[in-house]
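Participant: Here it is, the structure in full.
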Amino acid sequence: MGKKSQNKKKGKGVEKNVAKMEKKLNKRSKRDEEDLETMIAKFREMDAKKTQVIETQCEAPPPRMNASLVAHPEREELLLFGGEYFNGQRTFVYNDLYVYHIKKNCWTKVGIPNAPAPRCAHQAVVIPSAGGQMWLFGGEFASPNGEIFYHYKDLWVLHLNTRTWEEVRSPGGPSKRSGHRMVALKRRLVVFGGFQETLRDFIYHNDLHIFDMDTFSWTRVTSVGSGPTPRSGCAVLPTPDSTGLIVYGGYSKQRVKKDVEKGVVYVDMFLLNPEGKEGKWRWSRLSSVGSAPSPRSGFTMVPGPSGRMFLFGGVRDEEEEESLEGEFFNDLFAYDVAKNRWILPRLRGHDTGDGHRRKQHERASIGQKDGATGGQESEAAATGSFVDEVKEIEMDDGTVFTVRQSIGGQQTGASSTTKELDGEEQVEEEKGRAESCPCARMNVMLAVRHGVMFLYGGAYEIGDRQVTLADMYALDLHKLDTWHTLLEPDPKESQWLEEEESSESEEGESEEECQGAAGGQKEDNEEEEEDDDDDDDEVKEEKED
């Protein structure tokens, strides 16, 4: 009896401690979110001081991922907004707007007053109305240490002809989220999926919301049929006739036990079409055929010409008991909507490999029940032989990385376009072709203009280090001949700093924190302050003399 009573008391004590811990986490989570709100408010206060549009010629944007890249609906331009960059010690989140001039192959930075707060993992779409508009929804802002996130639920429109930002305030919209997807169906914006994460919990969405650009009103969609499970990072693209949507893949975290989470990668595909005139939509599942991509997250997919959709890159994480290892991809896939078939395009200008791997393996076509995979593949059919190219990359801090890239796999192209080379000439030719292909990466930015697909940035990992990119390529989706390098990759641009050994407090002036988190300007400010301090010291010495 005594033992039972003691065990009972112990059980109550444990429950009490757990309850206290949860209460502390709730308070901390709320406090941390309030801190981020203060930081964002400070940024907006600083931005409100801007009164005019400032346009400057510049170099390409610094390395970043999870930005938005869209094609201007009327001009030969691409618009790049926001994104994030982690250098090993600090996370930078941007709200800068860059314009890439396609014909001139140059960049312009455009500073517009009252812009949205810094964010990444948001969504942006363009429509041709009123000289062109770019609509932007949601996203997230990370604290400088990258541990706390603030999720947005705001909707903005950039009027491209007047170069003015406008926040559209309308009730009834989607909840705060990032990693969602948004597409334009004529005069409507459709938002699907996404997630929101705090220190103690996370939630993934599969709700549908439509914003009417004529009435400026949100509607939560009533759908029927079996649709996608909650997820983020999926592909959501309009059908060629712009009446419905296609949803492919995605990612979610699921709680296996109380303190155990597991990532789930989806490979299923769905079609969403309007049904009747009552505002209802119907989901139907698509069972595609052909050479489907292997399971992955962090891929990017865009609509291309001839009713095809193109998918590039991504990563597949292999979770073990105490480690997480990723395989990064640089393969290109096309999905033919009319035939419901996946195609592995064969570029005529050079051989295409199956991606930059941490370890070499054969590509597999996957069939997974319920559209999710736990990392097990069906037997793969080899697509050809691989040649491992090894490169040494030296970072700013002197660290040298050895990168292995799998090249080859498919002999492509017609004989009329193939040069017959011998010996060293053939080696040099193959080397040039390999270097012109974008390396494997995740969270890349893609945009299509007049049938040409542009690729910018993204990231991959080497061990515990994340390499964020600022290179750029173009591929003619009509010809599918070769990748054209518009901006060479420069590994030294992606500076990596080792974690600080001391646990120094990151608290400081709110303005400095805001600048440091929002655009990497803190270091410049610190240098200016040091110069001011030196000047003050000199003045003091003169007075003493």
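Participant: I'd like to know which of N206, G263, V191 lies farthest towards the positive end of the charge dipole of the range 149-289, counting +1 on Cβ of Lys and Arg and -1 on Cβ of Asp and Glu.
Facilitator: So the residue we want is G263.
Participant: Largest first, please: the extent of the C-alpha atoms of the range 67-211 along each principal axis, to the nearest Å.
Facilitator: Between the extreme Cα coordinates on each principal axis of the range 67-211 lie 47, 37, 23 Å.
Participant: Continuing with the same structure: On a full-extension model of 0.36 nm per residue, what is the gain between S291 and K253, subtracting their alpha-carbon distance, rounded to one decimal in nm?
Facilitator: Gain in length upon complete extension: 11.0 nm.
Participant: So if the hydrodynamic radius of the range 33-85 is defined as the Kirkwood radius over C-alpha pairs, what does Stokes-Einstein give as its diffusion coefficient at 37 °C and 0.692 mPa s, in µm² per second?
Facilitator: Once the numbers are plugged in, D ends up at 233 µm²/s.
Participant: Ranked highest first by the average count of other Cβ atoms within 10 Å around their residues, in what order do 204-212, 137-145 fall?
Facilitator: Listed from highest to lowest mean packing, they are 137-145, 204-212.
Participant: Then there is this: First measure r as the distance between the Cβ atoms of N145 and A338, then evaluate 1/(1 + (r/R0)^6) with R0 = 41 Å and state the FRET efficiency to the nearest 0.05.
Facilitator: 0.25
Participant: While we're here: D317 to R220: extension gain in nm, 0.36 nm per residue of separation minus the Cα-Cα distance?
Facilitator: So the extension gain works out to 31.5 nm.
Participant: Additional query: Residues in the range 258-275 near a label at K186, defined as backbone nitrogen under 13 Å from the 7 Å Cα→Cβ point?
Facilitator: 274-275
Participant: With +1 on each Lys and Arg Cβ and -1 on each Asp and Glu Cβ, how big is the dipole of the range 64-154 about its Cα centre, in debye rounded to the nearest 20?
Facilitator: 200
Participant: On full extension of the chain, what length is gained from T108 through E461, given 0.36 nm per residue of separation minus the C-alpha to C-alpha distance?
Facilitator: That pair, T108 and E461, stretches by 124.1 nm at full extension.
Participant: I've got another one for you. Can you sort R75, R255, R465 by solvent-accessible area, 1.4 Å probe, largest first?
Facilitator: Listed by decreasing accessible area, they come as R75, R255, R465.
Participant: May I ask you to give the average projected area over all directions of the convex hull of the Cα atoms of the range 261-320, in nm² rounded to one decimal?
Facilitator: 6.8
Participant: Ranking request for peptides 61-69, 49-57: highest mean number of other beta-carbon atoms within 10 Å first, then the rest in descending order.
Facilitator: Highest-to-lowest ranking by the protection proxy: 61-69, 49-57.
Participant: Students often get this wrong, so check it: of K50/K104; K104/K479; K49/K109; K50/K103; K176/K262; K277/K339, which have C-alpha atoms separated by over 25 Å?
Facilitator: K50/K104; K50/K103; K277/K339
Participant: Hey, can you rank 244-250, 154-160 by average C-beta count inside 10 Å, highest first?
Facilitator: By packing density, highest mean first, the sequence is 244-250, 154-160.
Participant: Calculate the dipole size of the range 162-312 relative to its Cα centre from +1 charges on Lys and Arg beta carbons and -1 charges on Asp and Glu beta carbons; express the result in debye to the nearest 20.
Facilitator: That gives the range 162-312 a dipole magnitude of about 280 debye.
Participant: Let me cross-check T38: its accessible surface, 1.4 Å probe, with only protein heavy atoms counted, in Å² to the nearest 10?
Facilitator: Only protein atoms counted, so the area is about 80 Å².
The values are calculated or read from the model by the stated rules, or taken from the named source; none is laboratory data. What you are looking at is a predicted structure, and each value in this text was computed from that prediction instead of being measured. Note that each Cβ is placed from the backbone with ideal geometry, even for glycine, and that neighbours are counted across all protein chains shown. Please note that ligands, DNA and RNA were not included when accessible areas were found on the heavy atoms of the full protein model with its side chains. Shrake-Rupley method; radii C 1.70, N 1.55, O 1.52, S 1.80 Å.
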